[in-house]
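The values are calculated or read from the model by the stated rules, or taken from the named source; none is laboratory data. Just so it is clear, the structure is predicted and the values come from calculations on it, not from any experiment. Glycine also receives a Cβ, built like all others from the backbone with ideal geometry; neighbour counts cover every protein chain displayed.
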Amino acid sequence: MKLTTLLCTILGIATLSSAEEKDKHDHAAKAGPTGGRLITAVEPHVEFFVTKAKKVEIRFVDDDNKVVLPAEQTVKVTLGERSKPTKLTFTKEGDKLVSDQTVPEGNEHPTVVQIKTDAKAKSITEKFNLNLSKCPTCEFAEYACICEHGEEEKN
């Protein structure tokens, strides 16, 4: 009887470890197809990318990081100081949504992204620090950095 209990416990631990490893693998840090921050809390996932002209582009991507055409999704972005925030609205342009305004001057902005998959869906909120500085160890800006350094600084 004790041997059966021990074997069940070992199998349970092995199954849990395997599931944890798969979960770690599935959520490994990666950038979107144009090098932007990938938001995986929503399906399809969202790539948040700041262009050289300082406009925000939103692309929807599948699990393989392939762009999916926008459908009924809506996105709102609020960034900057709480006392005087910048609120970005978006227009559909081809395979992406593009902000009507630019990101304010400066390299760091507290940012809130609100995503609705359709008119009836509950809004998904993602908060991060939009740091436009280039990461010293990878090819991306800090807000989209996929390195393992300074994880606490990126969030």
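For every residue, the table says whether it meets (1) in contact with a Lys or Arg (Cβ under 7 Å, 6 or more places away or on another chain); (2) modelled with pLDDT of 90 or more; (3) under 18 Å from V61 (Cβ atoms); (4) not in a strand (DSSP E or B).
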{"residue": "P110", "(1), (2), (3), (4)": "no, yes, no, no"}
{"residue": "D118", "(1), (2), (3), (4)": "no, no, yes, yes"}
{"residue": "K122", "(1), (2), (3), (4)": "no, yes, no, yes"}
{"residue": "Y143", "(1), (2), (3), (4)": "yes, yes, yes, yes"}
{"residue": "E152", "(1), (2), (3), (4)": "no, no, no, yes"}
(Q) Given the condition in contact with a Ser or Thr (Cβ under 8 Å, 6 or more places away or on another chain), more than 23 Å from K134 (Cβ to Cβ) and either in contact (Cβ under 8 Å) with a residue 40 or more places away in the chain or not assigned by TED's automatic domain parsing to the domain that holds V42 (or both), answer yes or no: does some residue in region 106-117 qualify? (A) yes
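Against the definition (in contact with a strand residue (DSSP E or B) (Cβ under 9 Å, 6 or more places away or on another chain), of a type outside the set (D, E) and under 21 Å from A41 (Cα atoms)), how does Q101 come out, yes or no? If you could, list the steps in order and put the result at the bottom.
On the way: in contact with a strand residue (DSSP E or B) (Cβ under 9 Å, 6 or more places away or on another chain): yes; of a type outside the set (D, E): yes; under 21 Å from A41 (Cα atoms): no.
Here the answer is no, as Q101 does not meet what is asked.
Residue-by-condition table, conditions (1) basic (K, R); (2) over 17 Å from G36 (Cβ atoms); (3) surrounded by 14 or more Cβ atoms within 10 Å (Cβ to Cβ); (4) more than 17 Å from the chain's Cα centre (by Cα):
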| position | (1), (2), (3), (4) |
| --- | --- |
| V56 | no, no, yes, no |
| R59 | yes, no, yes, no |
| D64 | no, no, no, no |
| T78 | no, yes, yes, no |
| T91 | no, yes, no, yes |
